[in-house]
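In what follows, a single structure is set out as structure tokens and then discussed.
FYI, it's all coordinate maths here, none of it is from the lab. From a predicted model like this one, the values you see are computed outputs, not experimental measurements. Positions of Cβ are generated from backbone atoms using ideal geometry, with glycine treated the same way; all protein chains shown enter the neighbour counts.
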Amino acid sequence: METAFLFIPPLLLGLNRSESFVTLFHAQLDAAARLLTFVDCGHGFVFLRKADGKAVELLSRGLPLGVTCLERYQEGMVTMEAGDALVLYSDGLVDALPEQALDNGALAKLLEGAG
């Protein structure tokens, strides 16, 4: 894994001064190699749903943007196979359905047959 250093001075300094933060998940897919490269800046609500229905967590999480201007983020990589899907969601989904006790595994199961 490589270390990615996100350097966006005006944004980060503004967030830091306002005592605010923002989460971000950035990914790039090399379709020919089926290689997904990603950086998770505190988002965390993301997983790879394998063709067999299992949820695979994408680790390499860092702090949200704005927590510190000097955070270094670990780049993660995962190979995708035919039938796999990248699933991203927000905490709004979890908050809207608290009775569902949603996590990556529960969402992967709910997505069975979708697609």
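How would you rank 51-64, 80-93, highest first, on the average number of other Cβ atoms within 10 Å across their residues? Numbers along the way, then the final one.
Values: 51-64: 15.1, 80-93: 12.6.
Result, highest mean first: 51-64, 80-93.
How much FRET efficiency would the formula 1/(1 + (r/R0)^6) give for residue 106 and residue 72, where r is the Cβ-Cβ distance and R0 is 35 Å, rounded to 0.05? Walk me through the numbers before you get to the answer.
On the way: r = 32 Å, r/R0 = 0.92.
It comes out at approximately 0.65.
May I ask you to compute the full-extension gain from residue 27 to residue 50, defined as 0.36 nm times their residue separation minus their alpha-carbon distance, rounded to one decimal in nm?
Values: separation 23, 0.36 × 23 = 8.28 nm, distance 1.72 nm.
In short, 6.6 nm is gained.
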